[in-house]
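Okay, structure first, notes after.
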Amino acid sequence: MDNLNNKRNVAIIQDAEGNKIVLINDIIFKGKRSINWDEVERYLRNHIGEFYTIAETNDVVYFGNDLPDEYAHSNYTSALKGGNAKAKANAAQGLGELLEIAFNRSFSPNKKDKHVLDAGNGWYRYESRFALPVYGDSGEVDRYNVFHVYMIIRHDQNGKKYLYDVINIKKETSTPLSCQ
């Protein structure tokens, strides 16, 4: 796992309709029964301090100290099973690119006392999309499954925006990306 921390095989592509998708080419978090979320947390700890700009709004979003734990151990993550758990774990490799192509921003004020400081200026929610490879019997990539997600961003009292979590992961039922 440690040799994968800085090695990423991620690209931004466009689908047939011209919509951007983050293509994540490697499945680094595997599990027949469940994902080792502690490994995902360790992976994300190596990226604290990174920042990305959302092209649609020019918002700069940071990876803060709370991201690894929240991403790997939130109530939402704990409830994930099967393909969606695997999708969220592996999406960790492309979080920066997911932010860059994020769209459809919405805002909501902070309503919880526990976030009075870290989300003192409220919450933003963006949509984004990514694709993961599906391997055939031969071990080659047959196609890519496309997923739609919501990215939760907290707006700190210090004025900075921080990625907080990725939720509502849904596999798109449209035709998956082919490898042709």
Completion exercise
Exception for Ala79 within (1) hydrophobic (A, V, I, L, M, F, W, C); (2) surrounded by 15 or more Cβ atoms within 10 Å (Cβ to Cβ); (3) without any contact (Cβ under 8 Å) to a residue 60 or more places away in the chain falls at (2)
Practice task
May I ask you to list the residues in region 25-46 that are under 10 Å from Phe63 (Cβ atoms) and crowded, with 18+ Cβ neighbours inside 10 Å?
Solution key: Leu44
Practice task
Would you point out the residue of region 132-168, among those that are more than 30 Å from Asp113 (Cβ to Cβ) and among the acidic types (Asp, Glu), that is surrounded by the most Cβ atoms within 10 Å (Cβ to Cβ)?
Solution key: Asp142
Exercise for the section: Go through region 122-154 and count every residue that is closer than 14 Å to Gly64 by Cβ and not in a strand (DSSP E or B). Expected result: 0
Fill in the blank from the handout: Selection from region 117-142 of residues within 21 Å of the chain's Cα centre (by Cα) and of a type in the set (D, E, K, R) yields Asp118, Arg125, Glu127, Arg129
Problem - Top-ranked residue of region 47-74 - restricted to ones that are closer than 19 Å to Arg125 by Cα and of a type in the set (Gly, Ala, Ser), ranked as surrounded by the most Cβ atoms within 10 Å (Cβ to Cβ) - result: Ala72
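Can you tell me which residues in region 82-124 are among the charged types (D, E, K, R) and either without any contact (Cβ under 8 Å) to a residue 24 or more places away in the chain or farther than 22 Å from Thr173 by Cβ (or both)?
Filtering region 82-124 down to residues among the charged types (D, E, K, R) leaves 86, 88, 97, 100, 105, 111-114, 118.
Across region 82-124, the qualifying residues are Glu97, Glu100, Arg105, Lys111, Lys112, Asp113, Lys114, Asp118.
In region 81-93, what residues are in contact with a Lys or Arg (Cβ under 8 Å, 6 or more places away or on another chain) and under 20 Å from Tyr126 (Cβ atoms)? Please lay out each step first, then the result.
Residues of region 81-93 that are in contact with a Lys or Arg (Cβ under 8 Å, 6 or more places away or on another chain), as a first pass: 83-84, 86-87, 93.
If the condition is that a residue be in contact with a Lys or Arg (Cβ under 8 Å, 6 or more places away or on another chain) and under 20 Å from Tyr126 (Cβ atoms), then Asn84, Ala87, Gln93 are the ones that fit.
Among the helices (runs of 4 or more DSSP H) lying completely within region 1-114, list those that include at least 2 residues that are under 15 Å from Leu132 (Cα atoms), among the small types (Gly, Ala, Ser) and out of contact with any strand residue (DSSP E or B) (no Cβ under 8 Å at 6 or more places or on another chain).
On the way: elements: 37-45, 67-73, 75-79, 82-91, 95-100.
Answer list for region 1-114: 82-91.
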Handout entry: Filtered residue count, region 155-167, keeping only those that are in contact (Cβ under 8 Å) with a residue 60 or more places away in the chain and part of a strand (DSSP E or B)
Key = 7
Exercise for the section: Please enumerate the residues belonging to region 100-131 that are at pLDDT below 95 and surrounded by 14 or more Cβ atoms within 10 Å (Cβ to Cβ). Expected result: Asn110, His115, Asp118, Ala119, Gly120, Asn121, Gly122, Trp123
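Within region 41-52, is even one residue within 14 Å of Ile24 (Cβ to Cβ) and touching a Gly at 6+ places or on another chain (Cβ under 6 Å)? Write out each step before concluding.
Initial filter on region 41-52 (within 14 Å of Ile24 (Cβ to Cβ)): 43.
Remaining after also requiring touching a Gly at 6+ places or on another chain (Cβ under 6 Å): none.
The answer is no; no qualifying residue exists.
Across region 74-99, what is the total count of residues that are at positive phi and modelled with pLDDT of 95 or more? Working first, answer last.
Taking region 74-99 first, the residues at positive phi are 82.
After this cut, where a residue has to be modelled with pLDDT of 95 or more as well, the list is none.
Total satisfying the criteria: 0.
The values are calculated or read from the model by the stated rules, or taken from the named source; none is laboratory data. The model shown is predicted, which means the values in this text are computed figures rather than measured ones. In this analysis, Cβ positions are derived from the backbone assuming ideal geometry, glycine residues included, and neighbour counts consider all displayed protein chains.
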